[in-house]
1. May I ask you to sort A:Arg460, A:Arg499, A:Arg165 by Cβ crowding, counting other Cβ atoms within 10 Å and putting the fewest first?
2. Gain in length, A:Asp548 to A:Val80, computed as 0.36 nm per residue apart minus the alpha-carbon separation, to one decimal in nm?
3. Among all the lysines, which ones have a C-alpha under 18 Å from A:Lys500's C-alpha, if same-chain residues fewer than 8 places away are not counted?
4. Please tell me which of these pairs span more than 18 angstrom C-alpha to C-alpha: A:Lys105/A:Lys625; A:Lys129/A:Lys495; A:Lys178/A:Lys202; A:Lys218/A:Lys367; A:Lys171/A:Lys382; A:Lys468/A:Lys533?
5. Quick check: convex hull over the Cα atoms of chain A, volume per residue in Å³, rounded to an integer?
6. Can you tell me how segment A:500-586 classifies by the Cα gyration tensor, rounded, prolate or oblate, using a/c under 1.5 as the rounded cut?
7. To the nearest 0.05, how large is the calculated FRET efficiency for A:Thr503 and A:Gln69 if R₀ is 45 Å and r is the Cβ-Cβ distance?
8. Would you please put A:191-200, A:67-76, A:379-388 in order of how densely packed they are, using the mean number of other Cβ atoms within 10 angstrom per residue and starting with the highest?
Amino acid sequence: MNIEMQLKGILIAGVKELYGQEINKNQAQVQITRKDLTGDFTIVVFPLLKVSKKSPEDTANEIGAYIQQQEPAVANFNVVKGFLNLELAADYWLNLINDIVVQEKYGYKTADENSPLMMIEYSSPNTNKPLHLGHIRNNLLGYSLSRIAAANGNKVVKTNIVNDRGIHICKSMLAWKKWGEGVTPESSGKKGDHLVGDFYVKFDQEYKSEIDTIIKEKISEYPAIKDVDDFKKTFAALKSKKKTKEGLNDAENEQFKACEELSKYAENNAPLILETREMLRKWEAKDPEVYALWEMMNQWVYAGFDVSYKKLGVDFDKIYYESDTYTVGRDMVLGGLEKNLFYKREDGSVWANLEDKGLDEKLLLRKDGTSVYMTQDIGTAKLRFDDYSIDKMVYVVGNEQDYHFQVLALLLDKLGFKWGKDLVHFSYGMVELPHGKMKSREGTVVDADDLVDEMVNTARVMSKELGKLDGYSDEEAEAVFRMIALGALKYFILKVDPRKNMTFNPEESIDFNGNTGPFIQYTHARIQSIFRKAAEKGIEVADKAPTDVEIGEKENNLIRMIANFPNVVEEAGRVYSPAVIANFAYDLAKEYNQFYHDCPILFEEDENKRMMRLVLCKSVGKTIKNAMWLLGIDVPEKM
RNA sequence: GGUCUCGUAGCUCAGUUGGAUAGAGCAACAGCCUUCUAAGCUGUGGGUCGCAGGUUCGAAUCCUGCCGGGAUCACCA
C-alpha cells in the first residue's frame, strides 16, 4: 500500500476519533504538496469543517498532530491557509528509493493467469492507400495503450482488422487493369502500398471526369444552369447556404434537389463505377481472374504496410481480414433475425431498431443480402470471441465514428457478447493541418513513410553536428538516429490528450529541443554517461543509499516524482491516455536537469551524499526508461 | 435541425475526483560550458482560461444559456 492511501486511512480514523464522525473517501483529500511550499503531502481540511465545527486552522492543527503521532514517517507538519502540509522524514524517502532502485520493472504490474484479457484493435487500414499521419496517430496510440494495459496487469492481445474488400478496393484494381500496363512494385521500384494508392487516385480522377461528362450531357434539361462549372458553383453555394441558419427558400430548395438528383445520377451511372460494381460482384462470386488480381494487389499493399509498421516500431499479435469476417457477420445478423432481435423490410433489407435507446434504425444487410460496415464489425467480433476469451475489447478508432460504436455496442449486447455493452471505443481526435483537414484530393496528405524518413534525416544531421557518438560504428549510430527521430515523432503525437484534435504544421519541422522526446532521451543518455564516468574513475556505485544523509529540495522533488510513477501508470490505464505518461516523463526529465545543473554528483566530496545522488540518478534513469517504454519510445545510452 | 465534441499566452499544448499565486515548450530578448553530455540550465516580457449567469468556503474544472470551430446523423468504409 502506498503512503497516500495510508495517510488517507489515518485521516479518516483521526476524524472519527477527534470529532466522532465517519467521513467518506471524497472528503478525505490527500494530494501532493505544491512545489513552492514546504511539505510532501497536503490534506485539504475544508471538507472536514462541517464535522469538526472549528476553524480551518484549528482543524488542520488537530489533525496534523494526530497524524504525526500515528504515522512515524510524518516528521513534521505546517498549516497554510487551511491546508495541512505534512513533511515526511528523510529516511522514509531514502528507504523508498532504495526499494525502487532494485526493481527492474518499477511501476509495472505483471499479469498472471487470472488477469483479465484485454484485446486492443488498432491501425485497421484500407488496402487502397498508403498510411498517412492520421494512421500514425492511430498506430502509436494503439501500441502505447497496449503497453500501458500490460503494465497495469492485463493480458493483452494486439489486433488489426484489415479492410481488404469492398467497392473501394475494386476501384484501384480496376484502374490498374485499365491503365497499369502490368506495372508491379518490382518493375516500378515503388512501395506496393504507394503503387496501389496511385491507382486509387488515378481512378478518382478519371471517375470525376466521367461524372463531368455526364453532367454536361444532361445539363440541357436544366435551363437555369449554363455549364458544368456553373453547376458546381451553384450546387456548392446551395449546399453551404443550406447549412446556415437562414436555410433555403422554396425555389432554392427545388433547385438544390435538382442538383442533387443530377449529381447522384452522374455518380451512379458513370461507366467506371458500373464496371467497379461489376467487379465487386465478380469478386463476391470468387471469379478466378478478379480474385487473383485482388490477391496480387493486396499482397503488394501488405508488403508495403509491413515496411511502414516496422519503421514505426509497431506490431500485432493477431490480424483479421474483412474478407474473412464479412460472411460471418451476415450469418450473425440472420441468426439475430430468427430470434426477432432484428426485422426485415418488404424489400428484403434487414434492420435493427434502436429507437428505445434513443438512436434510430440501422441497416444491417442490404436488400441484395450483402454486408455493410456494421455487419462486418459484428462478424469480426464473433471470430475474435471464438479465438480468445475476451474480457475487455478496446477499439482504437477516430472520433468521427463515435456514432458507429455507440450502435455497435448495443448490437453486440443484443447478440449476447458479454463485453459488448462495455466495449471501449478509444475515440481519438483528428490530426489537422493549419488550414484544416488533410485531403488526398488536394495533395495535403502527410505520408507516413516520408515523414519518418525526414525525421531520421534531421536527427542524423543534428547528431553529426553535435558529434557525441564517437566510438560508435555507422550501424550503431544509425540506430541512434532512428531512435531519436522516432522519439521526437512519437512524443509529439502522444503528449497531447488523445481525445482532442491536434494540429500539425508541415512547414515547421517537429522540434528536438524543449518539451520533446529527444529532450527526455537526452536526459537518459546523460544519466548513463555518469555511470560510464564513474566506472572510468573507479567510483563504486552501490544499489543502496545511506539513510542518514540529508536530502535537498531538488532531490526531494525527484524522489517524490519517482514515487508517484506507479500512480501515473495506473491513471494512464484507467483513463486510456498515453499523454499522462508523456507529461510525467517530461516533468521528471525537466526536474532532473535542474538537479543535474545545481548539484554535483561524481564531484560531490561527501561520500554518503555522493552515493545517495548516484542511487537517485539510477532510479531516475530507470523510471524515465520505463515511462518511455510505455510510449513505445526507446532511450539511448549516448546521444 | 438532432446528437456529440472542443474553445487556456502570438503558436503548439499541460492543468488529476472542484483546492492555495493558471503552468511548460516554441518564437523574442538577456545571461551560463578551463568540473559529471549546452539536444542542457537561469532570467525578462507575454492571460478577461470564448461570453454571461448559477452552484459554494473555493470554479479553467460542475450546471444553464449564448457565441465560435469541428464531427456525425448514408443500402460508403
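We did not get these values from a lab; they are worked out from the coordinates using the rules stated. Here the structure is a predicted model, which means the values were calculated and not measured. Quick reminder, even Gly has a Cβ in these numbers, built from the backbone with ideal geometry, and neighbours come from all protein chains shown.
1. Numbers: A:Arg460 17, A:Arg499 14, A:Arg165 23.
Fewest-to-most ranking of A:Arg460, A:Arg499, A:Arg165: A:Arg499, A:Arg460, A:Arg165.
2. On the way: separation 468, 0.36 × 468 = 168.48 nm, distance 2.90 nm.
Answer, rounded to one decimal: 165.6 nm.
3. Partners within reach: A:Lys437, A:Lys490.
4. Numbers: A:Lys105/A:Lys625 10 Å; A:Lys129/A:Lys495 27 Å; A:Lys178/A:Lys202 10 Å; A:Lys218/A:Lys367 30 Å; A:Lys171/A:Lys382 29 Å; A:Lys468/A:Lys533 15 Å.
Over 18 Å apart, Cα to Cα: A:Lys129/A:Lys495; A:Lys218/A:Lys367; A:Lys171/A:Lys382.
5. On the way: hull volume 142.4 nm³, N = 639.
Taking the convex hull of the Cα positions in chain A, it is 223 Å³ per residue.
6. On the way: a/c = 2.92, a/b = 1.52, b/c = 1.92.
Verdict is oblate for segment A:500-586.
7. Numbers: r = 54 Å, r/R0 = 1.19.
Plugging the Cβ-Cβ distance into 1/(1 + (r/R0)^6) gives 0.25.
8. My ranking of the peptides, most packed first, is A:191-200, A:379-388, A:67-76.
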